[in-house]
Amino acid sequence: MNVAVVILNWNGRQILEEFLPSVIQHSKEATIYLADNASTDDSIAFVSAQYPEVSIIKNKTNGGYAKGYNEALAKIDADIYCLLNSDIEVTKNWLPPIINAFETSETIAAVQPKILDYKKKTHFEYAGAAGGFIDRLGYPYCRGRIFDTLEEDKGQYDDISPIFWASGACLFIRKDIFEKVGKLDEDYFAHQEEIDLCWRIHNYGYQVLYVGTSTVYHLGGATLNNMNPKKTYLNYRNSLYSLLKNVKGRNVWLIILLRLFLDGIAAIKFLIDKKPSHIPAILKAHFGFYTAIKSLLKKRKKLPKKEKYYSIYSVVWVYYILNQKKLN
């Protein structure tokens, strides 16, 4: 099975200097690519000089995560793509368990490993943890991470388990299925596009898997940290995008109305927490969603079917009202 590890880069010289050596050292089973999003620093020169074994693909513009990967992957011939963030440290023998998982069934379309925090290696990391899920209202959460509560890794998720979405920080996907379901949606630019991709994978009848016997460490926030209003804008807008595109039936409009109401409550919370810059980001996200409704409805019609996507009704209710901070 031919695996391509593809690292998307934009002005990431320092990040590459720190994290690329582990990928080189522990990825003998794969071919490594650097997909550069029109960097203006010396990251390409650095990688060319220090790691000539890494193939470099130069994108003409910085189209974000979605467009950057779509353009780069179109130039790579492999059975399996690994979309790997530049700020991830991989570990010894991280690839064989992933490859073995794909070999068990052709219906397995995407896989993610265990993702731990590079800054606190005893704990799960925000972006993916032990595999992603989604509630009825479209809020994402993970085994090992609900909202900002991160569990300590005590081996409780050292399993191989079906999940709803795999983290874009370290996402393995079959090339043929990636192309069949429509690749990454470039209108997302960045953030939650992997959730939409995995949602479409399920709607096409394939599976997404978590493999806890493979471990990576993610720094996180290398491009946009959680306190950046631009990230707030993208997350809120893109979550609404995914709902309209993928939820079955007319119920989707009621769910969207509930989400818009809850987003308003979130804006009040940002105000109480003295983070007022996030309030216009939420408003901008809503207006961005309204202007995109027509194009989203066209995308919605292209899906062959729409599967049930949620395991619990409201993670907000479970977390804030029931005070349940982790999955049972």
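The values are calculated or read from the model by the stated rules, or taken from the named source; none is laboratory data. Bear in mind that the values here come from a model prediction, so they are computed numbers and not experimental data. Cβ sites come from the backbone with ideal geometry, for glycine too, and all protein chains shown count toward neighbours.
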Of everything in the stretch 31-50, what is in contact with a strand residue (DSSP E or B) (Cβ under 8 Å, 6 or more places away or on another chain) and either modelled with pLDDT under 95 or surrounded by fewer than 20 Cβ atoms within 10 Å (Cβ to Cβ) (or both)? Give them in sequence order.
T31, A38, S39, I44, S48
Tell me which residues, restricted to the stretch 149-191, are modelled with pLDDT of 95 or more, touching a Ser or Thr at 6+ places or on another chain (Cβ under 8 Å) and either hydrophobic (A, V, I, L, M, F, W, C) or within 15 Å of Q112 (Cα to Cα) (or both).
D158, I160, F164
Only one of G155, G182, G168 is farther than 24 Å from L240 by Cα and either in a loop (DSSP other than H, G, I, E, B) or not assigned by TED's automatic domain parsing to the domain that holds N238 (or both), namely G155
Mind listing whichever residues of the stretch 125-146 are within 15 Å of the chain's Cα centre (by Cα) and in a loop (DSSP other than H, G, I, E, B)?
E125, Y126, A127, G128, A129, A130, G131, G138, Y139, R143
Criterion first (of a type outside the set (A, V, I, L, M, F, W, C), farther than 30 Å from S86 by Cβ and more than 19 Å from the chain's Cα centre (by Cα)) does K248 satisfy it?
yes
Look at D79 and say whether it is acidic (D, E), in the same structural domain as Q14 (by TED's automatic domain parsing), closer than 19 Å to L184 by Cα and surrounded by fewer than 19 Cβ atoms within 10 Å (Cβ to Cβ).
yes
By residue number, the members of the stretch 148-186 that are surrounded by fewer than 18 Cβ atoms within 10 Å (Cβ to Cβ), out of contact with any helix residue (DSSP H, G or I) (no Cβ under 7 Å at 6 or more places or on another chain) and closer than 24 Å to G68 by Cα are K175, D176, E179, K180
Taking the condition of being out of contact with any strand residue (DSSP E or B) (no Cβ under 6 Å at 6 or more places or on another chain) and of a type outside the set (S, T, N, Q), how many residues in the stretch 51-68 meet it?
9
Flagged pairs (Cβ under 8 angstrom, 6 or more apart or on separate chains; first in the stretch 292-306, over 12 Å from N246 (Cβ atoms); second of a type in the set (D, E)) are A292/D187; S295/D187
Search the stretch 105-129 for residues that are closer than 14 Å to G212 by Cα and pair each with any residue that is among the acidic types (D, E) and surrounded by 24 or more Cβ atoms within 10 Å (Cβ to Cβ) when their beta-carbon atoms are under 8 Å apart and the residues are at least 6 apart or on different chains.
I115/E125; L116/E125
Residues that are buried (at least 21 other Cβ atoms within 10 Å of the Cβ) and in contact (Cβ under 8 Å) with a residue 40 or more places away in the chain: which helices (runs of 4 or more DSSP H) entirely in the stretch 190-280 hold 1 or more of them?
193-203, 229-246
Here are the criteria: (1) closer than 25 Å to L209 by Cβ; (2) touching a residue at least 24 places away in the same chain (Cβ under 8 Å). Tell me which single one G155 does not satisfy.
(2)
